[in-house]
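The values are calculated or read from the model by the stated rules, or taken from the named source; none is laboratory data. What you see is a predicted model; the values in this text were computed from it and never measured. Positions of Cβ are generated from backbone atoms using ideal geometry, with glycine treated the same way; all protein chains shown enter the neighbour counts. Quick note on the areas: whole protein, heavy atoms, side chains included, nothing else; ligands and nucleic acids left out. Shrake-Rupley method; radii C 1.70, N 1.55, O 1.52, S 1.80 Å.
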Amino acid sequence: MNVAQPFAKPLYVMLKPASSQCNLACRYCYYLKPCAHDAVMSDDLLELFTRQYIEAQTQHEVLFTWHGGEPLLRPIAFYQKALALQRRYARGHHIDNCLQTNGTLLTDEWCEFLKANHFLVGISIDGPQHLHDTYRLTRGGKPTWATVVRGIRLLQQHDVEWNAMATVNRLNADHPVAFYRFFKDIGCQFLQFTPVVERISGEVAHYSVTPQQWGHFLCGVYDEWVRADVGHVFVQTFDATLANWAGEPPGVCSLSAMCGHAAAMEYNGDVYSCDHYVFPKHLLGNIRQQTLTALLYGQRQHAFSQIKSHALPRQCRECQFLFACHGECPKNRFATDRYGEAGLNYLCEGYRQYFHHVASDMDFMKAELDAGRAPMNIMGLRSEGE
């Protein structure tokens, strides 16, 4: 078996037990594609994956990530089987589960199950109603915001741990303050947002955020957060920025130095290098023919992990903020830099605006960490300066 040097950090595989099946048809979804109703993970494949996934880990902690499509299209009984298999093959590992859902199918029964089994639930919601309902629609074209918020309230009533995962698109990117305050108002303490950058026939899709919008959005949300919420509301992008400033792993692949530690597995056992690269070119193999250990630690995935750092254009290599960005996600590297070299990240201008904006604050928070003090002390400094 040709196996490369194992990654130093845990490996994650995004599981798609219902493939791309979903009860919604979000207009910007990169994973929306025709899918047969019987395209669901079988019990025997679930068992094979569970055993191989735990065996492939180099760390004590193991995280099962249930994704889609919409994973709640599988019944509770499916996840009960998954938990039983996790217990059977745990072999001393500590196992956690997280599930990413659009929230529209949540019920009291689902929430009781999620709470009893300590699931972390990620809810996809794009801000206030008029912003969310523009793109996140049912297959019949109906709005979904009210149903999603109802799902969040159910999670809160049952004390299920949850976080919000929002896309930043051409519409909501112009409203960073309203966007952030909405999430605070609904009681969100953990917030992740992802820029929508999609291309259709080589052209940037009309719903994609522009580089200028992305920079304005990051700065606007940051200014709201840094005044009063450091240490109380956790925004993944800001936490990752501080981690890179302090020389620590950022915890988000887009701002990490390497890709390749987070793969995706389809309902039939096909394993792909990344959830954003579920294309034939990046198919690593199938766990019925090769083990996850061979696929995830093999030379092809190792080569994929190197693309991020080895394919940087000159503008990136010379950038003072390379340590904080690492060129961001390779899927967004289709622009041309100022030297005429291909491979610049489409969002580069926005990221540079954001890093310049937060640099002095990040220097201060890093110094606080180095001195054994809390980064949240930045709030006092900000108050004195206003």
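Projected label points at Arg181 and Ala371, each 7 Å from Cα along the beta carbon direction, are separated by 3.3 nanometres. Per residue, region 18-111 exposes 43 Å² of accessible surface when a 1.4 Å probe is rolled over the protein heavy atoms with every protein chain present. The accessible area of Cys316, taken with all protein chains in place and a 1.4 Å probe, comes to roughly 20 Å². Counting only DSSP H runs of at least 4 residues, each contributing -39500 (n - 2.57), and dividing by the residue count of the chain, the helix-based mean residue ellipticity at 222 nm comes to -12000 deg cm²/dmol.
Please identify which residues in region 237-266 have an amide N closer than 19 Å to a label point set 7 Å out from the Cα of Phe364, following the Cα→Cβ vector. Backbone N within reach: 238-246. For region 87-164, trypsin sites (Lys or Arg not before Pro) meeting the loop criterion (DSSP other than H, G, I, E, B) and having at most 10 other Cβ atoms within 10 Å: Arg91, Arg139. In this structure, the residue pairs whose Cα-Cα separation is over 30 Å, taken from Lys81/Lys184; Lys308/Lys366; Lys16/Lys281, are Lys81/Lys184. Taking the accessible area of the chain, probe 1.4 Å, and keeping the other protein chains in place, the carbon and sulfur fraction comes to 53%.
Go ahead and run the numbers for FRET between Gln212 and Gln156, Cβ-Cβ distance against an R0 of 22 Å, rounding to 0.05. Numbers along the way, then the final one.
Values: r = 36 Å, r/R0 = 1.63.
Step by step, r from the Cβ atoms, then E = 0.05.
Which one, Leu45, Phe182, Cys98, is farthest towards the positive end of the dipole of the chain when Lys and Arg carry +1 and Asp and Glu -1 on their Cβ? Ranked along the dipole, the leading option is Leu45.
Shape class for region 328-374: prolate, because the ratio a/c of the largest to smallest gyration tensor axis (alpha-carbon atoms, square roots of eigenvalues) is 1.5 or more and a/b beats b/c.
Across region 280-385, Cα-Cα pairs farther apart than 19 Å form 61% of the total.
Considering only Glu55, Glu203, Glu341, the mean-square fluctuation computed in a Gaussian network model of the chain, springs between alpha carbons under 10 angstrom, is largest for Glu203.
With all distinct Cα pairs included, what does the Kirkwood hydrodynamic radius of the chain come out to in Å, to one decimal, could you say?
Result for the chain stands at 22.0 Å.
Inter-label distance, Ser42 to Ala342: 4.2 nm, where each label sits 7 Å from its Cα along the C-beta direction.
Residues of region 253-276 with an amide N closer than 19 Å to a point placed 7 Å from the Cα of Leu283 along the Cα-to-Cβ direction: 263-276.
Take the Cβ atoms of Gln320 and Glu248, set R0 to 22 Å, and the FRET efficiency comes out at 0.70.
Keeping all protein chains in place, calculate the accessible area per residue for region 252-312 (probe 1.4 angstrom), answer in Å².
Details: 2480 Å² over 61 residues.
It amounts to 41 Å² per residue over region 252-312.
Taken along the Cα-to-beta-carbon direction at a fixed 7 Å, the label points for Glu349 and Ile307 span 2.6 nm. Taking 41 Å as R0, compute the FRET efficiency from the Cβ-Cβ separation of Ala84 and Gln189 and round it to 0.05. It comes to 0.85. Across region 90-148, the relative contact order, built from alpha-carbon pairs under 8 Å that are at least six residues apart, equals 34 percent.
Remark: region 164-248 carries 38 Å² of accessible area per residue (probe radius 1.4 Å; ligands, DNA and RNA excluded).
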